[in-house]
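See below for the structure under consideration.
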Amino acid sequence: MAIGVFDSGVGGLSIHRALVDRMPQADFIYLGDQKHAPYGERSGEEIVELTRQGCETLFEAGASLVVLACNTASAVALRRLQSSWLAGYRQTAGRAVNVLGIIVPTIEAATGLPWEHEAERRGPKVENVDVLGIFCTTATARSRVYEIEIDKRRQDLAVFSEPCIGLAGMIEAGESEDKLKAVVESRVQALKTRIGRYPDRAILGCTHYEIIGDLFKAALPEGTPLIHQPSSVADALERYVARHPDYQIGTSGLRRFLTTGEPGPQSRIVEAFWGAPVTFEAV
């Protein structure tokens with residue numbers, strides 16, 4: 001048995017890297033749905049179905065837990081799969097399996113509060129508001145998951161999502177740093193224009209963006225804190241596995257990288273981020 005990590009493409013490697021570093025003895029199987037990447041401009045129904053197929057592929061490959069290392073899939077598909085598909089699949093498979101997302105631990109890190117916490121709606125007027133910027137895909141922005149869930153918990157935290165159209169696809173394709181930098185700078189400036197100033201903090205709300213996190217740091221004012229999604233997810237998964245020993249995650253340090261697209265080595269930018277060549281197998 002193993003932990004499965006699913007993304008539309010290479011972006012989930014940013015989460016995968018943190019999970020491997022945190023749990024080096026566990027077995028991991030990574031699946032990038034590169035045939036259909038990126039997900040950010042697709043319809044909700046397409047995202048749900050493609051995510052379901054990816055989870056099923058990982059379960060059949062031996063995963064007991066699947067982490068949706070994709071904000072778009074977590075925002076759009078996770079609840080649907082948990083409520084209408086997962087129980088039936090467990091019964092058919094005859095074993096314990098589960099699908100987890102990455103937005104809950106990210107929101108916990110952003111708010112400093114547990115997921116179960118809800119803000120008291122009757123209270124003194126908030127005078128000082130902290131502004132949080134979310135750089136994300138169109139589908140994640142459209143879901144408004146960060147705005148809705150953070151507002152339930154923190155009345156002093158204003159959230160603004162900025163869709164970075166096409167950026168995930170550019171990273172997937174291994175575009176030049178100059179072209180990536182130009183898009184990042186344009187989105188940071190667009191968010192600044194909407195807010196009237198730079199955000200106080202930011203989340204890279206697409207796992208592809210972590211691969212070029214240095215470009216976002218350079219485009220934002222020096223010292224702007226970036227909430228680190230990979231480490232937040234690693235913290236949450238480590239706690240989850242400790243609480244649920246019935247999910248077998250292996251102990252041999254297995255690493256497999258699967259793709260629905262063209263197998264083989266990944267781009268220079270992915271190799272530089274991962275710290276070694278990454279070669280995918282065909283599913």
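The values are calculated or read from the model by the stated rules, or taken from the named source; none is laboratory data. These numbers come from a predicted model, not from an experiment. Neighbour counts are summed over all protein chains in view; Cβ atoms, including those assigned to glycine, are modelled from backbone coordinates with ideal geometry.
Sort out which residues of segment 222-278 are acidic (D, E), closer than 30 Å to V131 by Cβ and in contact (Cβ under 8 Å) with a residue 24 or more places away in the chain, and write them in order of number.
Filtering segment 222-278 for residues acidic (D, E) gives 222, 235, 238, 246, 262, 271.
From what is left, the residues that are closer than 30 Å to V131 by Cβ are 222, 235.
Result: D235, single match.
Any idea which residue in segment 134-159 is modelled with the highest pLDDT, counting only those that are over 23 Å from L78 (Cβ atoms) and not charged (D, E, K, R)?
Start the filter on segment 134-159 by keeping residues that are over 23 Å from L78 (Cβ atoms), which leaves 155-156, 158.
Retained after the next criterion (residues that are not charged (D, E, K, R)): 155, 158.
Details: Q155: 90, A158: 97.
Only one residue fits best here, namely A158.
Name, by its number, the condition in (1) surrounded by fewer than 16 Cβ atoms within 10 Å (Cβ to Cβ); (2) modelled with pLDDT of 95 or more that does not hold for R121.
Tallying (1) surrounded by fewer than 16 Cβ atoms within 10 Å (Cβ to Cβ); (2) modelled with pLDDT of 95 or more, R121 fails exactly one: (2).
Considering segment 249-272 alone, what residues qualify as being in contact with a Leu (Cβ under 9 Å, 6 or more places away or on another chain) and more than 23 Å from A168 (Cα to Cα)?
I249
State which residue pairs qualify: first residue in a helix (DSSP H, G or I) and inside segment 75-87, second residue of a type outside the set (S, T, N, Q) and surrounded by fewer than 17 Cβ atoms within 10 Å (Cβ to Cβ) in any location, beta carbons under 7 Å apart, and separation of 6 or more residues or different chains.
Close Cβ pairs (under 7 Å, with a partner that is of a type outside the set (S, T, N, Q) and surrounded by fewer than 17 Cβ atoms within 10 Å (Cβ to Cβ)) amount to V76/G44.
Looking for whichever is within 27 Å of H117 (Cβ to Cβ) and crowded, with 18+ Cβ neighbours inside 10 Å here; the options are E162, E172. Which one fits? Lay out the reasoning, then the answer.
On the way: E172 fails: within 27 Å of H117 (Cβ to Cβ).
Going through E162, E172 in turn, the sole match is E162.
Can you report the number of residues in segment 26-68 which are within 22 Å of S252 (Cα to Cα) and in a loop (DSSP other than H, G, I, E, B)?
Residues meeting the conditions: 4.
Take the residues of segment 231-283 that are surrounded by fewer than 18 Cβ atoms within 10 Å (Cβ to Cβ) and in contact with a Pro (Cβ under 7 Å, 6 or more places away or on another chain): which is nearest to I3 (Cα to Cα)?
Filtering first and then ranking leaves G253.
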